[in-house]
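What follows is a set of notes on a single structure, which appears directly below.
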Amino acid sequence: AKAHGGAQIAFFESAMGDAAEQRFRIDRDLRQALVEDQLRLYLQPQVDTSGRWTGAEALVRWQHPVQGLVSPGVFIPIAEESDLIVSLGRWVVTEAMRLIAEQARAGRSLPLSINLSPRQFRQPDFVTWMQQLLAEHAIDPHLLTLEITEGLVIGNVEQTIERMQALRALGLHFSIDDFGTGYSSLAYLKRLPISELKIDRSFIQDVTRRADDAALVETILSVASHMGLKVVAEGVEEPAQTQFLAARAEGVILQGYFYGRPGPAEEWLARWAADGSL
Ligand code: C2E
Ligand code: CA
Ligand code: CA
Ligand code: CA
C-alpha cells in the first residue's frame, strides 16, 4: 500500500511539477470527484478471537478517472488543509449510514466504524447534522462508531468532551484510533465518553518479537480492561499476533490483512450475506 501511494504521489509530481502545484491539483480534482461521484467506500473486516466477523472499518478510496484507485494517504492530508475534508467526511458518514440501513432492511446488523477528522467534528452544526441524518436513515445509532485521534482533544478539552457527550447521547460510539502514538493523558482518557481503543499497527507489527512492544500492548490491554473499553488491534498480519493478544484479552477484536484487506463494500457485504454472518 505504501509503494502504491508512493507511485501515485510520483504520478502527480511528474504530471504537475512542484509540491504546491501538486497539492493544488489534487485539491481541485478532489472537489470534482465529490461532484462526479468518484469516491468509494471500502470495508475491512473486524473479527473476534474465534474468527467470527463482528463489524468493519470503512476506509475511503478515490477512483480517479486517469490514475485509477488512489489511497487516502495521498489525498486525506490535502483535504484536511481545507473544508474539503468536511464535504468528504459528510459523504463518508452518509454512505456508511446508507449501508447500515440497507443491511438492516435485509435483516442484518452491520456495525461500522468510520474515521472522523477534527475539522468535521468541530463544525458548529455537526451534532444536529448527525442527528438529522440518523433520523433520515432510521438506523440504530449503536451500529456506528466514530474513530477519532488523541490530537482532537488537545487544546479544547472541555468543548471536545461536551460535544462528544452530545453525540454519545444520540447513541453513537467513539473509538480512539492509533492509540499510543499521540500524546494521550490517562487523566482525560478517563473523562472521554469512549467505548473503544484501537492499538496502532506499529505496536502490533513486532509484538511477538520485541519485549518493549509486548509490554506496551499489555499495558494498553490492562488499561482498557480496567476502564471497561473494547480493544481493537490494528494491522494483524500473522496468527502469532492473534495468539499473543487472545492469550491476554479474551474479548479483543482483530483487524488486519490476515483477516482481510479493505475491499469494495459491495464485495464484503455480498460475502457476509452468502455466509449468513454479521
Ligand atoms: P487508519 O484509520 O489507521 O486505517 C488503517 C490503515 O491501515 C488503512 O489504510 C488500512 O488499509 C491499513 N491496514 C489495515 N490492516 C493492515 C495490515 O494488516 N497491514 C498493513 N500494512 N496495513 C493495514 P488506508 O485505507 O490506506 O487508510 C490510511 C489512513 O487514511 C487511515 O488510517 C485514516 O487515517 C485515513 N482515512 C481513510 N479513510 C478515511 C476517511 O473516510 N476519513 C478520514 N478522515 N480519514 C480516512
Ligand atoms: Ca481508523
Ligand atoms: Ca488506525
Ligand atoms: Ca494508522
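The values are calculated or read from the model by the stated rules, or taken from the named source; none is laboratory data. Given the structure is predicted, the values throughout are model-derived calculations rather than measurements. Glycine also receives a Cβ, built like all others from the backbone with ideal geometry; neighbour counts cover every protein chain displayed.
The table below lists the values:
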quantity	calculated
Conditions (1) surrounded by 18 or more Cβ atoms within 10 Å (Cβ to Cβ); (2) within 21 Å of residue 148 (Cβ to Cβ); (3) touching a Leu at 6+ places or on another chain (Cβ under 8 Å); (4) not hydroxyl-bearing (Ser, Thr, Tyr): number failed by residue 223	(1)
Number of positions in region 103-128 that are without any contact (Cβ under 8 Å) to a residue 24 or more places away in the chain and either among the aliphatic types (A, V, I, L, M) or in a helix (DSSP H, G or I) (or both)	2
Boolean, residue 85 is under 29 Å from residue 138 (Cα atoms), within 16 Å of ligand 2 (Cβ to nearest atom) and either touching a residue at least 12 places away in the same chain (Cβ under 8 Å) or not hydroxyl-bearing (Ser, Thr, Tyr) (or both)	yes
Test: residue in region 132-142 that is within 16 Å of ligand 1 (Cβ to nearest atom) and either of a type in the set (S, T, N, Q) or crowded, with 18+ Cβ neighbours inside 10 Å (or both)	no
Residue list for region 66-82, restricted to those being within 14 Å of ligand 2 (Cβ to nearest atom), out of contact with any strand residue (DSSP E or B) (no Cβ under 6 Å at 6 or more places or on another chain) and assigned to a helix (DSSP H, G or I)	73, 76
Region 188-243, residues that are within 14 Å of ligand 2 (Cβ to nearest atom), assigned to a helix (DSSP H, G or I) and either in contact with a Cys (Cβ under 6 Å, 6 or more places away or on another chain) or farther than 21 Å from residue 51 by Cβ (or both)	202
Test for residue 145: is it surrounded by fewer than 20 Cβ atoms within 10 Å (Cβ to Cβ) and either part of a strand (DSSP E or B) or of a type in the set (S, T, N, Q) (or both)	no
Output for region 173-208, where each listed residue is away from ligand 1 (no atom under 16 Å from the Cβ) and among the charged types (D, E, K, R)	190, 191
Qualifying residue in region 235-243 (condition: among the hydroxyl-bearing types (Ser, Thr, Tyr) and either within 19 Å of residue 179 (Cβ to Cβ) or crowded, with 21+ Cβ neighbours inside 10 Å (or both))	yes
Residue 246, sole failed condition from (1) at pLDDT 95 or above; (2) farther than 19 Å from residue 53 by Cα; (3) more than 16 Å from ligand 3 (Cβ to nearest atom)	(2)
Out of 55, 73, sole residue that is more than 22 Å from residue 126 (Cα to Cα) and within 12 Å of ligand 1 (Cβ to nearest atom)	73
Residue satisfying condition, being of a type in the set (Val, Ile, Thr) and within 16 Å of ligand 3 (Cβ to nearest atom), within set 78, 100, 114, 85	114
Enumeration of residues in region 221-244 that are closer than 27 Å to residue 162 by Cβ and within 15 Å of ligand 4 (Cβ to nearest atom)	232
Residue count for region 141-186, restricted to those that are free of Cβ contacts under 8 Å to residues at least 24 places away in the same chain and among the acidic types (Asp, Glu)	2
